[in-house]
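See structure below.
The values are calculated or read from the model by the stated rules, or taken from the named source; none is laboratory data. Note that this is a predicted model, so its numbers are computed, not measured. Cβ placement follows ideal geometry from the backbone for every residue including glycine, while neighbour counts extend to all protein chains displayed. All accessible areas refer to the heavy atoms of the entire protein, side chains included, with ligands and DNA or RNA removed. Shrake-Rupley method; radii C 1.70, N 1.55, O 1.52, S 1.80 Å.
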Amino acid sequence: QDGDAKVHTSSGSRARLAPSNMFTPPRPKRLRKSKKLRSARTVRDPIHNQIDIPGVCWEIIDTPEFQRLRHLKQTGMVFRVYPSAVHSRFEHSLGVCYLAGKWVDHFREVQPDLEITEKDKYCVMLAGLCHDWGHGPYSHVFDGEFIPSVKARSNDVKDDGGGGDAHGWTHEQASQNMIDFALEKNQISLVEYGLDAKDIVFIKELIDPPKNLRRHARGRGASKSFLYEIVSNKICGLDVDKFDYFQRDRFFTGMGTGDLSINYIIKQSRVKVVDGMRQICFPEKCVRQILEIYRARFNLHHSVYQHRVVKSLELMLVDALLLANDHTPIKGCSTIASCIENMEAYAWLNDSILDLIVHRSYNPSLSAQAVKDLTKARKIIEQMRSRRLYKCVGAVVYKPPHTTHARFFRQGIRAAVACCDDAKKGRNIQNTCSLAERERERERER
């Protein structure tokens with residue numbers, strides 16, 4: 001009882017007892033339990049079959065911000081042409097994470113002298129997991145078309161058609177910002193997994209490697225420069241990001257099946273010193289498999305990504321977003337485009353933005369200009385859904401300048417097919433490259 005207990009004695013007088021809790025020893029303070037580390041889990045994937053994801057990655061996956069990727073279609077508007085292409089950025093990120101760990105394990109097995117640690121592996125896998133975290137609604141349309149158009153209209157920069165890079169914002173930058181935001185918001189500490197602040201910097205550098213690794217890389221030194229090529233290869237373009245989405249997009253669009261010899265290419269790769277830096281190289285016998293990958297990329301762009309109906313839908317999507325931009329606040333941001341500066345609001349952006357615009361267009365409390373613009377946006381969305389699309393009036397095949405093409409050909413061949421064993425083979429490749437260049441010069445002269 002809370003009050004003093006009262007009892008009757010044999011003489012009838014009342015005796016007052018002390019409170020029951022007076023002699024109760026104080027309870028010992030509970031010790032704060034250390035955070036339980038997550039265990040690895042296996043996921044069934046239609047492309048890679050059984051994939052193992054370590055516990056440190058599940059710290060990121062099981063956050064509301066990362067689960068947002070489930071609502072971002074991998075191929076944007078392609079699903080309106082290829083109905084089965086409804087796979088999301090979520091499963092693609094898991095696939096890239098798995099392939100990144102697989103490639104690192106290969107190098108640890110065949111080249112132990114590289115001294116790749118478990119921390120290095122975790123960092124590369126986390127970079128593969130988070131590399132697309134910053135994508136906006138309908139993927140590349142948002143950062144490649146919508147954001148540059150908004151900035152061009154505000155007269156901050158001149159729209160040169162160069163995409164997100166020319167306008168100072170890319171989805172890679174948003175991915176890096178989202179890592180910091182999610183770790184802080186969800187109070188995630190990766191220290192228990194052996195990762196420190198320098199490793200977080202390394203993860204963000206792996207997503208968007210600096211152009212000059214020798215000068216600007218802070219995460220790892222020159223001895224591990226090859227790790228920067230696993231998730232985003234700026235030298236020849238062969239990285240786990242493309243390895244996954246080439247196979248995944250071909251599978252879900254019906255363009256083809258098979259692994260494109262990805263496992264073979266990974267198994268045959270070696271790390272060699274090129275121009276004083278360690279780079280991932282491939283033997284000459286992999287030429288045919290590498291060309292198959294480039295051919296698959298060409299076919300996907302020709303028949304899927306650059307399909308005339310897909311481009312028409314993307315243009316209509318950008319027009320609808322531009323009309324609704326100033327009248328659609330998101331989580332404290334006054335416009336859709338301003339969400340790129342606020343990760344809390346950006347975490348709410350996904351492919352449902354079109355439904356939000358349609359519902360908001362019926363709000364009677366908006367201004368006359370907002371109702372006018374949102375009504376136009378709603379009509380464009382209705383045209384998209386009823387397949388009353390913009391008409392294609394023509395197509396132009398862009399041919400880069402000859403000097404640029406020759407330089408790209410020379411660098412691509414030397415980077416993609418570097419000999420692992422014999423320097424003589426390397427000279428043969430270089431001579432073949434020179435012969436091809438001279439042949440093209442003769443054709444241009446004719």
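Each row is one residue, and each column tells you yes or no for (1) outside the structural domain of Phe142 (by the TED database); (2) at pLDDT below 95.
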{"residue": "Pro209", "(1), (2)": "no, yes"}
{"residue": "Leu213", "(1), (2)": "no, yes"}
{"residue": "Lys224", "(1), (2)": "no, yes"}
{"residue": "Val231", "(1), (2)": "no, no"}
{"residue": "Lys234", "(1), (2)": "no, yes"}
{"residue": "Asp241", "(1), (2)": "no, no"}
{"residue": "Val273", "(1), (2)": "no, yes"}
{"residue": "Ile293", "(1), (2)": "yes, yes"}
{"residue": "Val318", "(1), (2)": "yes, no"}
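Residues that are open to solvent by 10 Å² or more (accessible area, probe 1.4 Å) and not basic (Lys, Arg) number at least 3 in the following helices (runs of 4 or more DSSP H) confined to the stretch 200-255: 240-253.
With a cut-off of at least 1 residues that are at pLDDT 85 or above and either out of contact with any Phe, Trp or Tyr (no Cβ under 9 Å at 6 or more places or on another chain) or closer than 30 Å to Phe107 by Cα (or both), name the helices (runs of 4 or more DSSP H) lying wholly within the stretch 342-446. Answer list for the stretch 342-446: 343-346, 353-360, 368-385.
Residues in the stretch 258-280 that are closer than 20 Å to His92 by Cα and touching a Lys or Arg at 6+ places or on another chain (Cβ under 7 Å): Ile266 only.
Could you list, in sequence order, all residues of the stretch 305-334 that are open to solvent by less than 50 Å² (accessible area, probe 1.4 Å) and without any contact (Cβ under 8 Å) to a residue 24 or more places away in the chain? Selection gives Ile330, Cys333. Test Lys158 against the stated conditions and say whether it is at pLDDT below 90 and buried (at least 19 other Cβ atoms within 10 Å of the Cβ). Criteria not met by Lys158. Restricting attention to the stretch 256-285 and to residues that are surrounded by 15 or more Cβ atoms within 10 Å (Cβ to Cβ) and in a loop (DSSP other than H, G, I, E, B), the residue that is farthest from the chain's Cα centre (by Cα) turns out to be Pro283. Looking only at residues in the stretch 312-341 that are β-branched (Val, Ile, Thr) and part of a helix (DSSP H, G or I), which one is farthest from Pro148 (Cα to Cα)? Here the residue is Ile340. The residues of the stretch 278-304 that are among the polar types (S, T, N, Q) and closer than 27 Å to Thr75 by Cβ, listed by number, are Gln289, Asn299, Ser303. Residues of the stretch 35-88 that are in a strand (DSSP E or B), β-branched (Val, Ile, Thr) and within 25 Å of Ala347 (Cβ to Cβ): Val43, Ile53. Arg288 falls short of the stated requirement of being open to solvent by 70 Å² or more (accessible area, probe 1.4 Å), part of a helix (DSSP H, G or I) and in contact (Cβ under 8 Å) with a residue 40 or more places away in the chain. Taking Tyr98, is it assigned by the TED database to the domain that holds Arg250, modelled with pLDDT of 90 or more, touching a Phe, Trp or Tyr at 6+ places or on another chain (Cβ under 7 Å) and assigned to a helix (DSSP H, G or I)? No, not satisfied. When Asp45, Asp52 are screened for being open to solvent by less than 70 Å² (accessible area, probe 1.4 Å), in contact (Cβ under 8 Å) with a residue 40 or more places away in the chain and among the acidic types (Asp, Glu), only Asp45 passes. Scanning the stretch 202-238 for residues being charged (D, E, K, R) and more than 17 Å from Ile116 (Cβ to Cβ) gives a total of 7.
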